Amino acid sequence: MSDAPTNPDPPAPAAPLPRKWYDIFIDRYGFFAVAILAVTALCWSTAGKMRLDESIESMYSRNNPQLRDYQASKATFGGDEFVVVAWSQPNLDEPEGLDAIRAFSKELSSVPGVNAKSTQNIAEVLEPEEASFLVRMYLRLPATHENLMSSSEGVLLSSDRKTTAVVLRLEPPGDAEVPRLETYAKLRELGAAHDPPAVVVGEPIQVNDMFRYIEQDGRILGWASTIILLVVIYIMFRSVRWMIIPVLVVQVSLILMKALLVATGVSMSMVSSMVDSLIMIIGIATVMHFTVRFREFRVTQETPQAFRSMLHDLFRPTVLMTLTTSIGFAVLYTSDINPIQTFGLMMAVGTLIALAAALCLTPAGALLGSYADDPKAPPFEKTMKRSLLTITHLVDKIPLLLGIGFIGLMAWSIWGIQYLTVETDFSKNFRSNTPLVIGLDFFENSLGGAGNWELNFPAPKELDDAYLTKVRSLSADLKKLEIDGHPALTKVVAFTDPIDMIPSIAGNTTEKKRDLIRQFQPEFEPSMYQPGDETKPGRMRIILRSLERQPADTKLKIIQAVKAEGQKYFGQDVSATGMFVLLAYLIENLLNDQLVSFILAAVSIVFLMAWAFHNWRVGLISLIPNIFPITVLVGAQGWSGVPVNIGTAMIASVSLGLTIDSSIHYLKRFFDELNKRGTVQAALEATHESVGLRMILANFALIAGFSVLTLSNFLPLVYFGILVSIAMLGGVLGNLILLPLLLKYVVRPVPTTPPANEPVPVPSPS
């Protein structure tokens, strides 16, 4: 059986094509290929300097109230980033047990990047080394000892007193001698070597692990997906050169894009970790369209003429595709969130570079050397073409039924959007067998919540009993606070707690109690109370602990309820903040920002498509089949209960930028065929056979490449890979069924003599 394409009316422009300025890419293909490869080689080392911006603050807009509160607290109290090391320990309150805890605590405190002065452990609470003899004697009293043990439960001690923890305060990143990564690695090393092994938890660890998995998976999965794509493309076309061309285009695009951004001072963020995958989609889809169309022309033409015909046919839609995709991503720069801006900028630049790489490298790949290595017919090509023709016949025979089906599916999807939930249990971004999740399970089961945060409020320059009474009452109310019938907080630590533990014997005033506390816990007061000065007012805070592993809506309810309790006593100038709060609101902020960006992208694409095809109707109908898969995808998430996480929050904007490409190629070919064949149905059939086949092949290859993401340890990347694959499949259905359905009702056949005021077919893009 022949591998030749079965198009019943193959293109055969025998006469020389008119010269176009872009023919220079063909005439001087060697120069352009060598030039771009040389530039890529020079940029290799610069591209390798691209770094992730690993601060959680960068995920928020500059004017976000949660970020302002967090930064204000850091400026007032010095910032609180804690790591907790916990383990089971027999005989906790006996001398040998306390000595072991104290020794391990000193070992942990000596790790570079840890603020040793702020380390807390049960041994120092019960027997502080620097306390005076009288203080030591007082602390050994049975009643005092029991009070200290009880107050430490949920922080340094489990309720059954079989598990203990050391709380380590991290130095600010700018003051630390080593990068945070080294600090975390050393703490985990010490924890694993301890007998019994100790777990290491805390919000900073969660954020660090997130970036580590993104970085590691980006390297490993990038190469794995490249290998899979090489295999899939080779199976499709059984041509080494046409297997290498798309992968080379992608790699050159990524290196040049990263080098350019490094040179301009741009850093990658958590969001922009998806850029490599998206540039891969755009680059491979472009070359796949080139490959299939080139094969069609090779039926009747020699390789040089076939390639020239292909480029003449696809240059304009490819440029338009690049512009719409680039603009769709560029509008993200209007965001107030820095990572979204970075992502939009990287994708806009990367899309343009991918086009340049394809134009510089594809001619050389096709024309250099022997022409014997032409792309072969993909497996099942005839079957796919028959199926595509069947689709056009269905569109012609049962348009009403198909239209009702699409409308019903859209209505079902829109209704499901209301059931979307947001995932803020940050631990659910990781697989259950990762050290982070194992540590969180151990800590929350034994010691209570791993979520550290605070409530801070105004404070006078001089504390009096009336003010401390309000603090004491607020603390008591917070300890009793319940949400949905369960305690909202696992621990509440107020400024008044150690004061109330000291007996109020004759002459033992509040000020004297504070002096006593400063002797054995010198870090306590400045970490809880700052009196302020002439330039800024005083602030006090209450330290809170909550369960990290709980539903999103419960976390937000707790935060709002705690803030409301504080406002009862100290007015509106009350802030609930901390990394626990930032992580709780993270996805919500991403979603709010993405809605605006998605609308801007959609409007921009409509205007650009209307301008390119000289008709506003085409601009509108080109958007409908591309919004369809996004709506269905988001609605299905709502109905199925799959929560929105970091990886899926941007799926709408990303999908729109990818699926519009197929619409452009489809519309361009459709109007060409309409002008040639005269009827809408004949134009649809010819377009399905050519562009439809390209869409199926390109999407099949890309979905195979994205399957590697399911192996990631960072679950948002898994969801991202799955959902983008589904969105691409939905885009294929939208462009092969819904778009033809719309064209049948919008476009008129070519009349022999157009009557006055009768709509005529829309011309190809120019």
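The values are calculated or read from the model by the stated rules, or taken from the named source; none is laboratory data. Owing to the predicted nature of the structure, the values given are computational and were not obtained by experimental measurement. Note: ideal-geometry Cβ built from the backbone for every residue, glycine included; neighbour counts use all protein chains shown.
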Could you tell me whether segment 273-294 includes any residue that is of a type in the set (A, V, I, L, M, F, W, C) and not in a helix (DSSP H, G or I)?
no
Can you run down the residue pairs with Cβ atoms below 6 Å, 6 or more apart or on separate chains, where the first is in segment 681-700 and over 20 Å from Ile726 (Cβ atoms) and the partner is not in a helix (DSSP H, G or I)?
Glu689/Asn7
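Yes/no matrix, rows are residues, columns are (1) touching a Phe, Trp or Tyr at 6+ places or on another chain (Cβ under 8 Å); (2) among the β-branched types (Val, Ile, Thr):
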residue: Ile627; (1), (2): no, yes
residue: Val634; (1), (2): no, yes
residue: Val644; (1), (2): no, yes
residue: Ile651; (1), (2): yes, yes
residue: Thr679; (1), (2): no, yes
residue: Ala701; (1), (2): no, no
Trp412: passes all of (1) surrounded by 15 or more Cβ atoms within 10 Å (Cβ to Cβ); (2) more than 19 Å from Ala552 (Cβ to Cβ) but (1)
Hand me the list of helices (runs of 4 or more DSSP H) wholly inside segment 13-110 holding 3 or more residues that are charged (D, E, K, R).
65-77, 95-109
Please go through segment 542-560 and pick out each residue that is in contact with a Leu (Cβ under 9 Å, 6 or more places away or on another chain) and more than 25 Å from Pro498 (Cα to Cα).
Glu548, Arg549, Thr554, Lys555, Ile558
Out of all the residues in segment 1-27, which are surrounded by fewer than 16 Cβ atoms within 10 Å (Cβ to Cβ), farther than 26 Å from Thr687 by Cα and either hydrophobic (A, V, I, L, M, F, W, C) or modelled with pLDDT of 90 or more (or both)?
Trp21, Ile24
Checking the condition surrounded by 22 or more Cβ atoms within 10 Å (Cβ to Cβ), farther than 23 Å from Leu729 by Cα and basic (Lys, Arg), which residue from Arg295, Arg316 passes?
Arg295
Please return the ranges of helices (runs of 4 or more DSSP H) entirely within segment 652-766 where 3 or more residues are at pLDDT below 85.
693-706, 715-733
Of all helices (runs of 4 or more DSSP H) fully inside segment 418-528, the set with 1 or more residues that are β-branched (Val, Ile, Thr) and within 30 Å of Ala636 (Cβ to Cβ) is 435-446
Taking Val644, is it at negative phi and surrounded by fewer than 19 Cβ atoms within 10 Å (Cβ to Cβ)?
no
Checking the conditions here, which among Gly218, Gly265 is closer than 30 Å to Glu81 by Cα, at pLDDT below 85 and not in a helix (DSSP H, G or I)?
Gly265
Please go through segment 337-395 and pick out each residue that is in a loop (DSSP other than H, G, I, E, B) and either on the phi < 0 side of the Ramachandran plot or touching a Phe, Trp or Tyr at 6+ places or on another chain (Cβ under 9 Å) (or both).
Leu368, Ser370, Tyr371, Ala372, Asp373, Asp374, Pro375, Lys376, Ala377, Pro378, Pro379
Gly439 vs (1) at pLDDT below 90; (2) surrounded by 17 or more Cβ atoms within 10 Å (Cβ to Cβ); (3) of a type outside the set (A, V, I, L, M, F, W, C); (4) more than 32 Å from the chain's Cα centre (by Cα): all pass except (4)
Which of (1) surrounded by fewer than 20 Cβ atoms within 10 Å (Cβ to Cβ); (2) at pLDDT below 80; (3) out of contact with any strand residue (DSSP E or B) (no Cβ under 8 Å at 6 or more places or on another chain) is the odd one out, the single condition Asp336 does not satisfy?
(3)
Among residues of segment 492-511 being surrounded by fewer than 12 Cβ atoms within 10 Å (Cβ to Cβ) and modelled with pLDDT of 80 or more, the residue nearest to Asn456 (Cα to Cα) is Glu511
Just to check your reading of the model, which residue among Phe211, Phe237 is out of contact with any Cys (no Cβ under 6 Å at 6 or more places or on another chain) and closer than 23 Å to Lys49 by Cβ?
Phe211
Exactly one of Gly222, Gly174 is surrounded by fewer than 19 Cβ atoms within 10 Å (Cβ to Cβ), of a type outside the set (A, V, I, L, M) and under 24 Å from the mean Cα position of the chain (by Cα), and that one is Gly222
